[in-house]
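Structure, as structure tokens:
The values are calculated or read from the model by the stated rules, or taken from the named source; none is laboratory data. Predicted model only: the values in this text are computed from it and were never measured. Every residue, glycine as well, gets a Cβ built from its backbone with ideal geometry; the counts of neighbours run over all protein chains shown. Ligands, DNA and RNA are excluded from the accessible area calculation, which covers all protein heavy atoms including side chains. Shrake-Rupley method; radii C 1.70, N 1.55, O 1.52, S 1.80 Å.
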Amino acid sequence: MKIEEKISQTVAGALKELYNLEASDQMIQLQNTRKDFSGDITLVVFPFTRFSKKSPEITATELGEFLKNEVEEVEDFNVVKGFLNLEINSRYWIRNLQEAWSEELFGVTIPDENAELIMVEYSSPNTNKPLHLGHIRNNLLGYSIAEILKANGYQVVKTNIVNDRGIHICKSMLAWQKWAKGETPESAGKKGDHFVGELYVEFNNHYKEEINELMAKGLSRKEAEEQAPSIREARDLLLKWENGDEEVVKLWQTMNNWVYEGFDSTYKKMGVDFDKIYYESETYLTGKEEVIRGIKEGIFEQRNDGSVWVDLTADGLDNKLLLRSDGTSVYITQDIGTAKMRFKDYEIDKMIYVVGNEQNYHFQVLSVILDKLGYNWGKGLYHFSYGMVELPGGKMKSREGTVVDADDLIAEMIQVARNMAQELGKLDALSSEEAERTYEMIALGALKYFILKVDPKKNMLFNPLESIDFNGNTGPFIQYTHARIQSVLRKAAEKSLSLKATLPKFPAQISVKEKELLKRVAQFPEVVKEAGVNYSPAVIANYCYELGKEYNQFYHDHPILAENDDPTRDLRLLLSATVGKVIKTGMKLLGIDVPERM
RNA sequence: GCCCCGAUAGCUCAGCUGGAUAGAGCAACUGCCUUCUAAGCAGUAGGUCAUGGGUUCGAAUCCCGUUCGGGGUACCA
């Protein structure tokens with residue numbers, strides 16, 4: 001049994017015996033003792049003073065005496081105001097450490113076949129432009145949360161819905177037809193997604209000019225946007241696509257494939273992957289069918305102009321368009337179809353959508369609509385709503401060219417990591433491939449940690465002028481700590497200090513600082529659980545930093561491999577190895593690799 | 001207009017379901033590479049937790065008002 005539980009139960013017994021109080025779990029508040037006070041676990045006694053009818057100090061002392069007698073691990077206690085600080089004996093913490101080390105997957109629960117199946121949708125790109133920093137946040141969060149859920153014992157299917165259909169890709173197609181002169185990514189020497197993205201920008205530039213010209217002729221902006229030749233031609237393409245025009249469909253396939261090649265390389269670089277990919281072109285018809293079924297069943301309403309609507313005012317929402325008057329589908333139509341297909345393909349217990357908070361309303365609507373269509377899982381869908389990445393000037397806008405391109409950013413970070421490592425002469429001993437691999441690990445570690453350490457729900461700021469740090473509270477700091485630990489373990493092995501052999505010999509007392517570290521390590525399983533419950537990689541990121549920092553602070557000037565110092569040295573060695581293991585596990589849940597040396 | 005979210009050090013962020021003196025990193029300044037990796041360690045300085053009320057033994061945390069910022073809001077995705 002965990003010590004907290006044991007204390008909690010004993011306190012409940014004490015309250016009954018001493019003050020005749022049936023205390024609820026809520027009343028018994030245990031917390032880690034603050035660093036500035038001595039003790040390990042603190043009980044807050046204020047809530048009991050009403051019943052003890054004694055001062056907080058006396059109440060705390062009485063409870064302290066009781067615990068000291070009843071719980072063998074409680075060695076001593078002290079009282080500060082209404083806080084009862086309990087000191088837990090070293091043996092308990094050392095036993096904890098030994099367990100942590102001997103458990104193959106400390107803190108991680110492996111899902112069995114009966115575990116709940118959760119589908120996590122993330123990434124979900126449009127195929128008309130390359131990925132930018134906003135997508136990076138999405139991808140990293142999606143991947144990490146999937147890993148965290150797995151570590152909490154769920155089966156997880158990672159999925160991606162590619163928005164490969166619609167007016168946006170037609171715009172790029174039109175630009176290619178008109179201005180590309182038969183160029184391909186290969187002939188242009190460009191990554192496929194960037195190639196297509198540039199065509200999209202080119203379309204928009206022409207489109208903008210046309211709008212200005214028409215407005216100069218006296219049309220309103222809305223009329224001009226509607227009547228510009230470019231947009232008409234793009235719509236025409238969309239119509240041809242929907243009618244299966246052979247040439248158009250072929251071009252569509254070709255251009256999408258260019259983009260996919262580009263995306264794949266970016267995904268690979270980021271280290272994210274998917275178990276199942278859906279394409280909007282394959283799901284939107286299902287969505288339409290569902291909407292039509294909804295009309296027949298009287299859930300939705302078709303207006304005179306042919307558009308289809310759903311009235312959600314009874315659910316506190318508005319009226320929502322489901323099909324345009326020309327019969328084409330909108331965003332939510334596709335989500336309905338995709339949801340249906342997914343639940344047909346997998347026995348999903350829970351569906352999680354990793355999508356930005358600008359779509360909070362959309363997912364409220366989707367949830368209600370799916371419920372109305374008779375899917376009992378509609379109500380239970382979870383929108384993992386994350387904040388936007390902002391630039392100092394405000395939101396990233398592709399139209400204004402203020403996006404931070406994913407590939408550029410990653411390449412730049414690798415370059416910085418390389419320069420820095422070479423300057424420090426860090427990896428001179430490694431082969432150039434190994435060194436290159438390590439630079440990437442460090443660069444990606446910095447980027448991923450930078451993104452994942454902040455609360456997913458909140459907007460975050462990225463300043464392109466101040467490149468992402470490699471010092472301080474960063475991924476590389478944690479990687480560095482891990483690398484140092486590995487170095488210590490290598491040196492220990494050279495001295496034939498085997499970890500297993502040292503297990504039984506431990507000192508009776510350990511230093512306060514080391515106990516802090518032991519306690520921190522023991523906390524790891526709870527941290528993983530908390531991250532799972534709150535869908536927050538940030539919880540793990542911040543934990544890894546705290547752990548690494550405490551380790552560095554203590555062992556920076558306390559030798560681990562001191563001679564003639566057996567029991568203490570063995571403990572330090574075991575503690576180091578365990579900290580290394582926990583860091584590696586934690587970072588893996590963030591999708592961050594840790595190098596053996598750096 | 002209506003709905004949702006946010007505001008903590010110069011900057012970027014932590015602060016768990018209310019608990020002890022508000023926590024890191026960056027930037028600035030001071031020390032430390034004959035000691036297991038200096039991507040590090042030790043230290044100095046920096047705060048009216050936007051603001052005004054309320055709840056309570058106790059509020060950065062919960063409730064209400066105000067200001068500022070962000071997002072959404074019926075044929076974009």
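Computed over all pairs of different Cα atoms, the Kirkwood value for the hydrodynamic radius of region A:21-177 is 21.1 Å.
Structural descriptor for region A:30-175: relative contact order 19 percent, calculated from alpha carbon pairs under 8 angstrom and at least 6 residues apart.
Once the Cβ-Cβ distance of A:D408 and A:V249 is raised to the sixth power relative to R0 = 35 Å, the FRET efficiency obtained is 0.60.
At full extension, A:E242 and A:I295 could sit 16.8 nm farther apart than now, given 0.36 nm per residue minus the alpha carbon distance. Using alpha carbons only, the radius of gyration of region A:15-78 set against its Kirkwood radius gives Rg/Rh = 0.94. Tilt of helix A:331-345 relative to the longest C-alpha principal axis of chain A, in degrees (0 to 90, nearest 10)? For A:331-345 against chain A, the angle is about 60 degrees. A cut-off under 14 angstrom between Cβ atoms defines the neighbours of A:E4, and their net charge, with Lys, Arg +1 and Asp, Glu -1, is -1. Compared with the direct C-alpha span, the chain from A:R221 to A:V533 gains 107.5 nm at full extension, assuming 0.36 nm per residue. For GluC sites (Glu not before Pro), the sites in region A:295-400 that DSSP calls loop and that have at most 13 other Cβ atoms within 10 Å are A:E297, A:E347, A:E400. Using 0.36 nm per residue and subtracting the Cα-Cα separation, the extra length available between A:S325 and A:S487 on full extension is 51.6 nm. Kindly provide the trypsin sites (Lys or Arg not before Pro) of region A:245-303 that DSSP labels as loop, not H, G, I, E or B, and whose Cβ sees at most 14 other Cβ atoms within 10 Å. Within region A:245-303, the qualifying trypsin sites (Lys or Arg not before Pro) (loop, at most 14 other Cβ atoms within 10 Å) are A:R303.
Over chain A, the ratio between the Cα radius of gyration and 2.2 N^0.38 Å evaluates to 1.19. Can you give the accessible area of A:L117 in Å² (nearest 10), computed on protein heavy atoms with a 1.4 Å probe? The accessible area comes out at roughly 20 Å².
The tail of the calculated P(r) for region A:411-507, taken as Cα-Cα distances beyond 19 Å, holds 54 percent of the pairs.
Within the straight-line cut-off of under 21 Å between alpha carbons, the lysines reachable from A:K16 are A:K6, A:K53, A:K54, A:K68, sequence neighbours fewer than 8 places apart in one chain being disregarded.
Sorting A:149-162, A:309-322 by average packing, meaning the other beta carbons within 10 Å per residue, from highest down gives A:149-162, A:309-322. Kirkwood radius and radius of gyration were both taken over the C-alpha atoms of region A:274-330, and their ratio Rg/Rh is 1.06.
Cα-Cα over 32 Å: which of A:K426/A:K549; A:K491/A:K519; A:K344/A:K584; A:K178/A:K296; A:K222/A:K350? Beyond 32 Å between Cα atoms: A:K344/A:K584; A:K178/A:K296; A:K222/A:K350. Each Cα pair under 8 Å and six or more residues apart adds its sequence gap; the mean of these over the residue count of chain A is a relative contact order of 14 percent. Within region A:364-478, all pairs of alpha-carbon atoms sorted by distance into 10 Å bins from zero give the percentages 12, 31, 24, 18, 10, 4, 0.
Our helix-only sum for chain A, with -39,500 (n - 2.57) per DSSP H run of n ≥ 4 divided by its residues, gives a mean residue ellipticity at 222 nm of -18000 deg cm²/dmol. Under the simplified labelling scheme, the A:L285-A:K458 pair shows an inter-label distance of 4.8 nm, with each label point 7 Å from Cα along Cα→Cβ.
Normalised by the number of residues in region A:53-109, the mean separation of alpha-carbon contacts (under 8 Å, six or more apart) gives a relative contact order of 26 percent. Can you tell me the orientation of helix A:475-494 relative to chain A, as the angle in degrees between its alpha-carbon axis and the longest Cα principal axis, to the nearest 10? Between helix and principal axis, roughly 50 degrees. Cα centroid separation, region A:95-157 to region A:337-368: 18 Å. Computed with every protein chain present, the accessible area of A:I414 is close to 10 Å² [probe 1.4 Å]. Solvent-accessible area per residue in chain A equals 48 Å², computed with a 1.4 angstrom probe and all protein chains kept. Sorting the segments A:538-551, A:183-196 by their mean number of nearby beta carbons within 10 angstrom, highest to lowest, gives A:538-551, A:183-196. According to the square roots a ≥ b ≥ c of the eigenvalues of the Cα gyration tensor, what is the shape class of region A:328-413, taking rounded for a/c under 1.5, prolate for a/b larger than b/c otherwise, and oblate for the remainder? Prolate. In loop segments of region A:51-115 as defined by DSSP, the GluC sites (Glu not before Pro) with at most 10 further C-beta atoms inside 10 Å of their C-beta are A:E104, A:E113. Compared with the dominant principal axis of the Cα atoms in chain A, helix A:133-151 is inclined by about 50°.
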